[in-house]
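Q: I'd like to ask you about the structure that follows.
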Amino acid sequence: MTEEIISHPEHEVVLFGSSTLAGEFDAEVFSTGFVDNQALGLVWERTVLPLLTQKAEVDVLYCPNGNGPLHEIDIPVVMCIHDVNAQKGMSSGVHQFYRKLVVPVSARACDKIVTVSEFSKREICSVLDISDDKVKVIYNGVSENYFEENSTAIDLPDEYLLFVGSLNPRKNIQGLLRAFKKIREERDIELVIIGPSNKDIFQNLELESFSGIHICGFVDELEVKYAYENAEVFVFPSFYEGFGLPPLEALACGTPIVVSDRSSMPEILGDCAVFVNPESSQEIASGIHSILDGEQTFDEDMLRSHAEKFTWESVRTNAISLFEEVNE
């Protein structure tokens, strides 16, 4: 989204943060006093950043990750809150404590809140006690790379199920693994997991009892695209998602998906998925079987057309419109 906003021809954008941003984006960067440390960076955002907005003479401050000022400042503030998973106890200890402490304060102090789904809007209004008219929904976009023909091959099994995402407990990797074990009892298929590793996810599972699992860690976007394109089924049985981008990326590649029936998933994916109860590994397995056995079929062009509704160009247009609105 940052690149899209910077590329807008009618508005000038300045960035606040690490001086290294100057090498990533074509925009002026204000980094006075910034220290490249997560904890100190958060303090900087709360103390120095509001002062730098005056020096930079900006008209609107956009805070993309819920880290807005804790009090009103002289210019309008728009803050993005993707979801309230921390408020609902779904994050790690320190991060969860921090988000519970400061996000409600920043949400009350800012002028507008952007979120990524109607589901998240309802959650924000309910959990943070924010008025409905203060929250604007702007859906995320899918990278154009996923709609193009090129991809980068990586070494993968001949037939596999695919999961892409962080290995956070709310992603329900344990439920996926248990469902996969049931699938393996009847079918010779493997499971590929792509995303940052988190060994704690597996501590309650006897991994030696599982075979056919490939944990790839982080790979670049064109390699992920190759994995999507060649998967039999993409599986995403998450307990909680504010938006959930990987299922849309899979659809952009024409790959059928089995996803959770919870949170934002039905809203974002419509009729283009097999929805399952994430609490039931048997239902997850049955959903996967329904695609593998041809009981559920999806037209690839329909899947791609649905994903094409979510563009970063649309994100930019809606975001700029909101910035102009709060600056009137």
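The values are calculated or read from the model by the stated rules, or taken from the named source; none is laboratory data. These numbers were taken from a predicted model, which means no experiment stands behind them. Every residue, glycine among them, receives a Cβ derived from its backbone with ideal geometry; neighbour counts consider all protein chains shown.
Q: Within the group 107, 27, which residue is under 28 Å from residue 244 (Cβ atoms) and among the small types (Gly, Ala, Ser)?
A: Exactly one of 107, 27 is under 28 Å from residue 244 (Cβ atoms) and among the small types (Gly, Ala, Ser), namely 107.
Q: Of the residues that make up region 127-149, is at least one under 30 Å from residue 251 (Cβ atoms) and in contact with a Pro (Cβ under 9 Å, 6 or more places away or on another chain)?
A: Yes; the residues of region 127-149 include at least one that is under 30 Å from residue 251 (Cβ atoms) and in contact with a Pro (Cβ under 9 Å, 6 or more places away or on another chain).
Q: Mind checking which residues of region 276-325 are over 19 Å from residue 249 (Cα atoms), aliphatic (A, V, I, L, M) and outside the structural domain of residue 261 (by TED's automatic domain parsing)?
A: Scanning region 276-325 gives 319, 320, 322.
Q: Further question: Got at least one residue in region 178-192 being within 25 Å of residue 142 (Cβ to Cβ) and modelled with pLDDT of 95 or more?
A: Checked region 178-192: at least one residue is within 25 Å of residue 142 (Cβ to Cβ) and modelled with pLDDT of 95 or more.
Q: Can you pull out every residue in region 105-120 that is surrounded by fewer than 22 Cβ atoms within 10 Å (Cβ to Cβ) and not small (Gly, Ala, Ser)?
A: 105, 108, 111, 112, 118
Q: Mind counting the residues in region 108-147 that are without any contact (Cβ under 8 Å) to a residue 40 or more places away in the chain and not acidic (Asp, Glu)?
A: 11
Q: With the structure loaded, tell me whether residue 89 is on the phi > 0 side of the Ramachandran plot and not assigned by TED's automatic domain parsing to the domain that holds residue 239 or whether it fails that test.
A: Criteria met by residue 89.
Q: I'd like to check something: does region 27-45 contain any residue that is surrounded by 13 or more Cβ atoms within 10 Å (Cβ to Cβ), closer than 23 Å to residue 114 by Cα and not hydrophobic (A, V, I, L, M, F, W, C)?
A: There is at least one residue in region 27-45 that is surrounded by 13 or more Cβ atoms within 10 Å (Cβ to Cβ), closer than 23 Å to residue 114 by Cα and not hydrophobic (A, V, I, L, M, F, W, C).
Q: Residue 318 fails exactly one of the following numbered conditions: (1) free of Cβ contacts under 8 Å to residues at least 24 places away in the same chain; (2) under 22 Å from residue 4 (Cβ atoms); (3) not aliphatic (A, V, I, L, M). What is the number of that condition?
A: Every condition holds for residue 318 apart from (1).
Q: Out of region 282-328, which residues are of a type outside the set (Val, Ile, Thr) and in contact with a Lys or Arg (Cβ under 6 Å, 6 or more places away or on another chain)?
A: Going residue by residue through region 282-328, those that are of a type outside the set (Val, Ile, Thr) are 282-283, 285-287, 289-290, 292-296, 298-310, 312-314, 316, 318-319, 321-325, 327-328.
Within region 282-328, 285, 322 meet the criteria.
Q: Failed condition for residue 248, given (1) crowded, with 24+ Cβ neighbours inside 10 Å; (2) within 22 Å of residue 183 (Cβ to Cβ), with all others met?
A: So residue 248 meets the others, but not (2).
Q: Sticking with this structure for a sec: Evaluate region 228-240: report whether one residue or more is part of a helix (DSSP H, G or I), more than 14 Å from residue 166 (Cα to Cα), at pLDDT 95 or above and not polar (S, T, N, Q). Break it down stepwise before answering.
A: So the first thing to find is which residues in region 228-240 are part of a helix (DSSP H, G or I), and the list is 228-230.
When the remaining residues are screened for being more than 14 Å from residue 166 (Cα to Cα), the result is 228-230.
With the extra rule that they be at pLDDT 95 or above, the set shrinks to 228-230.
Add one more test, that the residue is not polar (S, T, N, Q), and what stays is 228-229.
So far as region 228-240 goes, yes, one or more of its residues are part of a helix (DSSP H, G or I), more than 14 Å from residue 166 (Cα to Cα), at pLDDT 95 or above and not polar (S, T, N, Q).
Q: Shifting gears a bit: Can you tell me which of 58, 43 is at pLDDT 90 or above and of a type in the set (Val, Ile, Thr)?
A: None of the others qualify; the one that does is 58.
Q: Among the residues of region 109-120, is there at least one that is modelled with pLDDT of 90 or more, over 27 Å from residue 261 (Cα atoms) and aromatic (Phe, Trp, Tyr)?
A: no
Q: Is there a residue in region 158-175 that is surrounded by fewer than 18 Cβ atoms within 10 Å (Cβ to Cβ), among the charged types (D, E, K, R) and either part of a helix (DSSP H, G or I) or under 20 Å from the mean Cα position of the chain (by Cα) (or both)?
A: Checked region 158-175: no residue is surrounded by fewer than 18 Cβ atoms within 10 Å (Cβ to Cβ), among the charged types (D, E, K, R) and either part of a helix (DSSP H, G or I) or under 20 Å from the mean Cα position of the chain (by Cα) (or both).
Q: Is it true that some residue in region 97-111 is of a type in the set (Ser, Thr, Tyr) and in contact with a Phe, Trp or Tyr (Cβ under 7 Å, 6 or more places away or on another chain)?
A: Scanning region 97-111, I find no residue that is of a type in the set (Ser, Thr, Tyr) and in contact with a Phe, Trp or Tyr (Cβ under 7 Å, 6 or more places away or on another chain), so the answer is no.
Q: Could you please find all residues in region 70-104 being touching a Lys or Arg at 6+ places or on another chain (Cβ under 7 Å) and buried (at least 20 other Cβ atoms within 10 Å of the Cβ)?
A: 78, 85
Q: If the Cβ limit is 8 Å and pairs must be 6+ apart or interchain, which residue in region 203-220 that is under 10 Å from residue 192 (Cβ atoms) and hydrophobic (A, V, I, L, M, F, W, C) pairs with which residue that is modelled with pLDDT under 85 and not in a strand (DSSP E or B)?
A: 213/207; 215/197
Q: Only one residue in 40, 52, 101, 70 is over 19 Å from residue 322 (Cα atoms) and touching a strand residue (DSSP E or B) at 6+ places or on another chain (Cβ under 6 Å). Which one?
A: Answer to the selection: 52.
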